[in-house]
Amino acid sequence: MDTAFLDGALADFSGYVAADELYDGPCCMLSAVDNRRDKRLRYDVLDHDPTHEDIRTFLGRLKTALTARALTLVGLTTDGAALYPVPLAARLHDVPHQGCTFHVLADVVKAVLGAVASTRTRLAAPQPKWPRGRPRTQAAKAAARQQKRRTQQRLDLYTHRHLCVQRHRSHSERQQWWRITWGLPQLPLLRELMRQVYALFDRRCRPQTALDQLAQLRRRCLPFPLLAETLKKLFAPTLAKALTFLDDKRLPSTSHAVERGNRRYRKMQKQVYRVRAQAQICARLALDMWREAQAEGRQQTFASLHRARAG
């Protein structure tokens, strides 16, 4: 990597880095981005799936570049991949490791929506067959009403399934969810668990308090085997790792900075598509980094043009 570019990228280094991997066919791109300045600091393109040794080497180069400029890495944010904990313990054991809260919450939300879908499937269980025509007996009329209610409830659960995982709800939305889940006690319980999961990531909460609440939440799930199996993400170690940012108000809780760079690469790939090789991928990443290096001058040019037009 060009030393002059790295000097410019690290000129206003914030101390917080986000790292992530991006797969493109047989190749894999490792990226490290300043998590508060949105500047790519280092990349590496592999012709195979990354291993712990690859991540250890990549982090070692990043640490060397920071040490050479007397800079300190304050925090590192990654997604929930199992690639990072072991290399981080070897290379950056004294740096706080933050798991991306977006990925953790996405896994929990997916599990809860899966539980809602399972409930909706059980509501669609086959009903007893009745003679054709309008129901005549009291039992037939009651069964017809029940089947109609179950059909409407199943439709409402599909239409308004987001209310089970929505972070903030209005009074009318809470009342609507209460009407939809009437007779299904497991769904209000799932909603209450989601509310408590969201409360774990409140920055006003202290880390030890959040860990105590997480332990209490896990104990509440244990008496319900089906619920514990559905929300097994609550028992994953990545969830506790995602609470590291509560110790540092400046530590970003997500790895969105590096994800934005990955999306720019995907966009370039869609606009100009050809067979990717390792050299071509390196060239495209270098082009993206050159774009970032020219960002400040480009913004100044745009500001001058706007002032000239306004004048």
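The values are calculated or read from the model by the stated rules, or taken from the named source; none is laboratory data. Because the structure is predicted, anything quoted here is derived from the model rather than measured. Counting neighbours? That spans all protein chains shown, and the Cβs are built from the backbone with ideal geometry, glycine included. These area figures cover heavy atoms from the full protein model, side chains too; ligands, DNA and RNA do not enter into them. Shrake-Rupley method; radii C 1.70, N 1.55, O 1.52, S 1.80 Å.
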For Y158, work out the one condition from (1) surrounded by 15 or more Cβ atoms within 10 Å (Cβ to Cβ); (2) under 16 Å from V109 (Cα atoms); (3) among the aromatic types (F, W, Y) it doesn't fulfil. (1)
Could we say that A111 is at pLDDT below 90 and farther than 19 Å from A286 by Cβ here? yes
For a quick check of your reading of the model, give me the residue pairs whose first member lies in the stretch 186-203 and is of a type in the set (V, I, T), whose second is part of a helix (DSSP H, G or I), with beta-carbon atoms closer than 7 Å and at least 6 apart or on different chains. V197/V108
For the structure I just gave you, tell me whether A125 is without any contact (Cβ under 8 Å) to a residue 40 or more places away in the chain, open to solvent by less than 60 Å² (accessible area, probe 1.4 Å) and farther than 30 Å from R250 by Cβ. yes
R191 - would you say it is in a helix (DSSP H, G or I), more than 25 Å from the chain's Cα centre (by Cα) and at negative phi? no
Residue match in the stretch 181-190 (condition: more than 30 Å from L214 (Cβ to Cβ) and at pLDDT 90 or above): no
Filter the stretch 204-240 down to the residues that are among the polar types (S, T, N, Q) and touching a residue at least 12 places away in the same chain (Cβ under 8 Å), then identify the one that is farthest from S253 (Cα to Cα). T230
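Tell me, which helices (runs of 4 or more DSSP H) lie completely within the stretch 195-311 with 3 or more residues that are modelled with pLDDT of 85 or more and polar (S, T, N, Q)?
Helices (runs of 4 or more DSSP H) meeting the threshold: 207-221.
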Quick check on A111: is it outside any strand (DSSP E or B), over 24 Å from R37 (Cβ atoms) and of a type outside the set (D, E, K, R)? yes
Scan R145, R167, R179, R149 and give me the residue that is part of a loop (DSSP other than H, G, I, E, B), open to solvent by 60 Å² or more (accessible area, probe 1.4 Å) and of a type in the set (K, R). R167
